[in-house]
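Right, one structure below, let's go through it.
The values are calculated or read from the model by the stated rules, or taken from the named source; none is laboratory data. The structure presented is a predicted model; accordingly, all values stated were derived computationally and were not measured. Cβ: placed from backbone, ideal geometry, glycine included. Neighbour counts: every protein chain shown.
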Amino acid sequence: MGPVPNVGEAFFPLDEELGLVSGGLTPRGEELLARLASWMPFESAQELLEELVGVRVSKATARRATLATGMAGLAVWEAEVERLKQEAPQAPDGADKQVMSGDGAFVHLVGGEWVEVKTLTIGEVTRNSRGEVGIQQVSSCSRLAEASRFAETALVETHRRGLEQATAVCAVQDGAEWLQGLVDYHRADAVRILDFAHAAEYINEIGQVVRTAGGRLPPLWLEGVLHRLKHQGPQRVLKHLSWLAARYPSSALQEKLTYLQKREAHMQYPTYQQAGWPIGSGSVESANKVGVSARLKGAGMRWERQNVNPMLLLRNAVCNRQWNQTWRASLAHRQELRTSRRQADSQQRLTRAFWTLVFWGARVSGLSRPPVPASTSTMAQACAKQPTRRLGAGYSWHKPFLRRPPSSPTVPGEVCAKK
């Protein structure tokens, strides 16, 4: 037997008791569907839901239910951002030593446009028994937004992690300008570190330009320069690169050298390592791959712009192990909206019913009123107001109805005048 088609929507008293919000799924079924679709494509989530619990839904239903959950969660998140900005409550206690990293990844939209999704990761800095620096308890926040708006949006995650209460914070990232604004917004006093792999990439490109120009560099030139940079700092390295730029002048080489020179203060790697800070931004690169690319950059995937952030919110929820909190907040928001809409509809129906009763009440009142007597009619009253004239004593009742006009003038003077 096939599924029964929908015949319409109406309010049922048990909807609120059962926690239903939309469609034909229970809250538990909808939660499971949205959670699966946060990890895999909608079609795969639809198939797996049927295999696991025997609930059959269409791909369109899977997409609609998942994005509705994400949009509701996004509304709750944005409301929390505004609350934190206005009230500025004290953040909970977090780890004493934390690291933040930012980066971007591109997502393909419907229509062919590529847009940058920005990601911020926060983690705790630790040392193992061998003294090696590591990062644990990493969480992320990703959004498709402008740099200033993204800094505000990430406020919810930085507040939850207690970033502002940490004793010391470092920011390991590449040299993009918007990342400096992100650090200024959340922890202006953070130790700023240029990602070592990013610096190494620029140095490698300088070496390639030199070789292309005919310069001869040792086979292990790159390894030697990076070793000196990591253990001795940037001063000698930048001096050596400046000599190469003068020996093999090139606009491309000079551009890369200028980039590194402007960030010399963020390349003090021996000092950072001695203080126990990481010098690589692998956490945010991993978040881009796992949190963004794995779900939003599959083969043939194109996204509507308005659907990107709802899915990113769900991806953050599952990757940060915050799904239960996100689902409860989303469900409560949707139930609240459903109740508000139902109350608004009820008020509109009551208003229409009231004016309908007023209209028909007036009609019925007019039909049930007794007819007005002739003596009291308007015409009778108008006639009654006219005075009755009394006939004179010489009035003749035998006057003809039509009179013949006189054949001769009655005044003699008129005849003389004509002659």
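The conditions of being in contact with a Ser or Thr (Cβ under 8 Å, 6 or more places away or on another chain) and at pLDDT below 95 are not met by Gly2. Gly291 fulfils the conditions (1) under 17 Å from Thr121 (Cβ atoms); (2) outside the structural domain of Thr126 (by TED's automatic domain parsing) except for a single criterion, (2).
The single residue among Gly123, Gly102 that is crowded, with 18+ Cβ neighbours inside 10 Å, touching a Phe, Trp or Tyr at 6+ places or on another chain (Cβ under 9 Å) and part of a strand (DSSP E or B) turns out to be Gly102.
Listed by first and then second residue, the pairs with beta-carbon distance under 8 Å, at least 6 apart or on different chains, first residue in the stretch 133-155 and free of Cβ contacts under 8 Å to residues at least 60 places away in the same chain, second of a type in the set (A, V, I, L, M, F, W, C) and assigned to a strand (DSSP E or B), are Phe150/Leu120; Ala154/Leu120; Ala154/Cys141.
Scanning the stretch 175-188 for residues that are surrounded by 14 or more Cβ atoms within 10 Å (Cβ to Cβ), among the hydrophobic types (A, V, I, L, M, F, W, C) and either free of Cβ contacts under 8 Å to residues at least 60 places away in the same chain or not in a helix (DSSP H, G or I) (or both) gives a single hit, Ala176. Report yes if some residue within the stretch 38-46 is in a loop (DSSP other than H, G, I, E, B), at pLDDT 95 or above and either among the charged types (D, E, K, R) or surrounded by fewer than 20 Cβ atoms within 10 Å (Cβ to Cβ) (or both); otherwise report no. So far as the stretch 38-46 goes, yes, one or more of its residues are in a loop (DSSP other than H, G, I, E, B), at pLDDT 95 or above and either among the charged types (D, E, K, R) or surrounded by fewer than 20 Cβ atoms within 10 Å (Cβ to Cβ) (or both). Any residue at all in the stretch 189-198 that is touching a residue at least 12 places away in the same chain (Cβ under 8 Å), of a type outside the set (Val, Ile, Thr), surrounded by fewer than 14 Cβ atoms within 10 Å (Cβ to Cβ) and touching a helix residue (DSSP H, G or I) at 6+ places or on another chain (Cβ under 8 Å)? Looking through the stretch 189-198, none of the residues is touching a residue at least 12 places away in the same chain (Cβ under 8 Å), of a type outside the set (Val, Ile, Thr), surrounded by fewer than 14 Cβ atoms within 10 Å (Cβ to Cβ) and touching a helix residue (DSSP H, G or I) at 6+ places or on another chain (Cβ under 8 Å). Could you count how many residues in the stretch 145-165 are buried (at least 23 other Cβ atoms within 10 Å of the Cβ) and assigned to a loop (DSSP other than H, G, I, E, B)? So the count comes out to 1. Could we say that Val57 is surrounded by 12 or more Cβ atoms within 10 Å (Cβ to Cβ) and more than 16 Å from Val172 (Cβ to Cβ) here? It is true that Val57 is surrounded by 12 or more Cβ atoms within 10 Å (Cβ to Cβ) and more than 16 Å from Val172 (Cβ to Cβ).
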